[in-house]
Structure formats: C-alpha cells, structure tokens
6 protein chains.
Amino acid sequence: MEEITLVPNNSLITKTPEEGRQLAVKMARLIIKLTQPNADTREKLREVYGSDAMMLIAIGQTVAAEFATVAAANNYWR
Amino acid sequence: MEEITLVPNNSLITKTPEEGRQLAVKMARLIIKLTQPNADTREKLREVYGSDAMMLIAIGQTVAAEFATVAAANNYWR
Amino acid sequence: MEEITLVPNNSLITKTPEEGRQLAVKMARLIIKLTQPNADTREKLREVYGSDAMMLIAIGQTVAAEFATVAAANNYWR
Amino acid sequence: MEEITLVPNNSLITKTPEEGRQLAVKMARLIIKLTQPNADTREKLREVYGSDAMMLIAIGQTVAAEFATVAAANNYWR
Amino acid sequence: MEEITLVPNNSLITKTPEEGRQLAVKMARLIIKLTQPNADTREKLREVYGSDAMMLIAIGQTVAAEFATVAAANNYWR
Amino acid sequence: MEEITLVPNNSLITKTPEEGRQLAVKMARLIIKLTQPNADTREKLREVYGSDAMMLIAIGQTVAAEFATVAAANNYWR
C-alpha cells in the first residue's frame, strides 16, 4: 500500500457538519492522489474536470457518497 | 481548503422536507463551486448541462444522494 | 432558490408503497424542472432520453435512490 | 401520473430473497415502462442494451439499488 | 419472469465476509445473465469489459452495492 | 469461482479508519483482479485510468461505496 494518509487525523468524527463536509472532500481527493501519485498529471487533470460539466457532477456524486458515511459516523451532529 | 461555506448554517437539520430538499440542492451546488471557483466558467457549464438530458439525470442522482443524508439526519421529519 | 415545490405535500410519508414510488418519481422529475425551468427544452429532452437505453437506465438509478429514502421514511410500510 | 402499477402487489414484503430479487428487477423495469410507454420502442431498446456491456453493467447497478431497499424492508429475511 | 435463480441458496446469510463477497459477485453476474440470456453474447461482452478500464470500474461499483446489502444482512459478521 | 481472496483477512473489522480505508481500496482492486485476471492487461489499464479524469472520479465513487460498508461494520470507529 502506498505511504499516503487516506483519512486525515485517522478519524471520521468532526465537530461540525461543515468540518465533516471538508473531510468528505479531502477523503475523495486522497483517493485520486493514491491512484495517480504524479502531481503534474493531477494538475493537468484538474483543468480537464474543472471545465467539464459531467465530471463536475460526478465529483459531486463522489463527495455525496463520502459525506453520507461521515455524517452517519457523527450521528448527523444532532 | 478554499474559503467557501459547504454546509449552509452549518447544520443538516431543517424544519420541513421541502427545506431539506433545498439544502440538498445547495450542498450539491457548493461542491461544484468549490471545484470550479470561476463564476464565468460555471455559468457556461450551466448552459451545457441544462440542455443535456444525461447530465440532468446525473444531477438528479447527486441530489438524491445528498437528500438521503439530510433526510436521515432529520429522522425523515416523521 | 427558485419558487418551485421540490417535495409534494411537503412530506415523505405516504399511505402505500405505490404512492411512495410515485413520490420518488415526482421528486426526481422536480429536480430536472428546477435545473432546467424551460418547459420547451424539457419537452425536447424527454424525446431524447425516452429513446436512449442508457439514459432510461440512468433514470431508473435516480428513482431507485429517491425511493430508498422514501421507503426508509415510511419504515417500509411494514 | 400515468396509470401503471409501479410496485407489484403494492408491497415490498416478499417471502424469500429470491422473490425479493425478482421484485427488485420488476420495479426497475416498471420505471423504464413509465418513462417510455411505447412497447415497440422498449423492444428495440432491449436489443440495444442486451448487447452493450456498459449498459448491462448499469442495469446491474439499478437492480442492486432497488434490491437494497427490498432487502431492508424484509429485514434481510433473517 | 425467466426461470433463472437470482439468489443462490435463496439466502443472503453467509458464514464469512469472503463468502458474502462471492455471493455479491454472483448476484451481480446473475442479473447480467437474466438480462442477456444468450451465453455466446455474454462471452463476447466479457472480452469487451475485461479490457475496458471504465467498465471494470463500473463492475466494481455494482459489486460494492450488492455487497453492502449482503454485509448488512449478516450484521457485518461482527 | 476463481481462487482469489476477495476480503483480506476474511474480516471487515479494522483497528482504525485509516486501515478501514485501505481495506476498502483493496477490496475494490480485488474485484478488478477477479474480473481481469491477466496482470499485463491490468497494468496497461492502470495507465489508462491513471490519466483519465473521469475514470479517476469513478474509482473514487467505488472506494466511497466500499468504505461505507467497512465503516458501518466498524460502527464508524466511534
């Protein structure tokens, strides 16, 4: 396994929904980093998906899925 | 992390299903904004996905996923 | 936020699974309407996805996701 | 709303996992029927997705999503 | 409904996670078989998706969804 | 069924979220290996999806789905 942290702070627990959402975004990005470790390639791909409507929507789906897990872990910060 | 609010009011709790659905839509849109901060580019992409059947369907999937989390957080407003 | 009702009757509770399924379909359609408010454009897109196998399948995925939430809200009408 | 039954027997409860799986398949198909009511068009599309690997995989994802709901409704037939 | 078994052993309960994962794979494959009953066609499609990166990823998504249900049914083999 | 381990250590239980995330990645990869057993083909496909923005996003969706199950199995390491 590559030496890269996949879950920042090694915890799904956050103080607020906002921080939970940020964690979801970070976790999604870290999988991209794990799969494509080359920073230059990732930078180029960022320009690609940043101007592609379908890819932006797909990124939204990924974050939604990660956030579902983080939110459940935090009992939805009720 | 970009300085942008990802969860309006920093809470998943809403008074009604309607407000919960609106929150789900907003949260989905904020991920697009986070990923593509340029307002002009987003405006152009909006014209793209607004007239593309597959992208509209994909947006529906994203909102459905976000709403599942918001609805669970609110115990489905039972 | 556009002035459009996103959750009919502002409730996820329905009397039967059949009505719950209809609600899931309506909620999915209302997101399309929110994202593309122009009725003529939506009518044209309907002809597109109605004759496209992949889009029909994707619509099925959207409804399945919405229905999962509605069904959970109703404790599966057990 | 079109006059078409979306949930056979108006119930998610089945006697066995096998019947639950069949219900999931039927529910997925009924959304296709609702969205494309023309039987001839559906027949043509069936030939399309039946010989398209990606579409077959996507159908599998739809059924998996429907089945998740049916299985939860039946408390997994434990 | 075609005469094909959709849930092997008509149960979601397995002794181990490994067997649960195998069940998830089988259930995913049986939906393909149900939708495309012709063995020769399926064999040809297998060569298609076996060498297509996006399709392999999509298959992974399908299995993940089926496994989520099987794992929940078994209370995660805790 | 091919002779390949699909769930490392035959358990979904891990000590930490980080290990749970690694397990999710491994489980996703093992489905690719099961579906395409040829190591040379997999190596070539890795170059394909490593430089394709949409595929990287799709991989993120797969891992998110697997991780949802692993996280639930571990009661979110609360």
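Values computed for the structure shown
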quantity	calculated
Sequence ranges E:28-36, D:55-63, ranked by mean other-Cβ count within 10 angstrom, highest first	D:55-63, E:28-36
Within the accessible area of chain F (1.4 Å probe), percent carbon and sulfur	48
Listed residue (A:G50, A:W77, A:L12) projecting farthest to the positive dipole end of chain A, Cβ model	A:W77
Coordinate range along principal axes, alpha carbons of the range A:15-78, Å, largest first	40, 24, 15
Label point distance in nm, E:T16-D:T16, each placed 7 Å from Cα along Cα→Cβ	2.7
Segments A:46-53, A:19-26 sorted - mean Cβ within 10 Å per residue, highest first	A:19-26, A:46-53
Peptide-level mean, for F:29-40, of C-beta atoms on other protein chains within 10 Å	4
Residue pairs, from the table A:K33/C:K33; D:K15/F:K26; E:K15/F:K33; B:K15/C:K26, whose Cα atoms sit over 26 Å apart	A:K33/C:K33; D:K15/F:K26
Pair C:D40, E:D40: separation of 7 Å Cα→Cβ label points (nm)	5.0
For chain F, calculated [θ]222 nm from helices alone, where every DSSP H run of n ≥ 4 adds -39500 (n - 2.57)	-22500 deg cm²/dmol
Kirkwood estimate for the protein assembly as shown, i.e. one over the average of 1/r between Cα atoms, Å	22.4
Total accessible surface hidden between B and A, rounded to 100 Å², 1.4 Å probe	2500
Other protein chain Cβ atoms within 10 Å, averaged over every residue that makes up A:6-18	6
Linear extension gain, D:K33 paired with D:R78, 0.36 nm per residue minus alpha-carbon span	13.0 nm
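The values are calculated or read from the model by the stated rules, or taken from the named source; none is laboratory data. Only a predicted model underlies this, so the values are computations on that prediction, with no experimental measurement involved. Note that each Cβ is placed from the backbone with ideal geometry, even for glycine, and that neighbours are counted across all protein chains shown. Heads up: the accessible areas ignore ligands, DNA and RNA and are worked out on the full protein's heavy atoms, side chains in. Shrake-Rupley method; radii C 1.70, N 1.55, O 1.52, S 1.80 Å.
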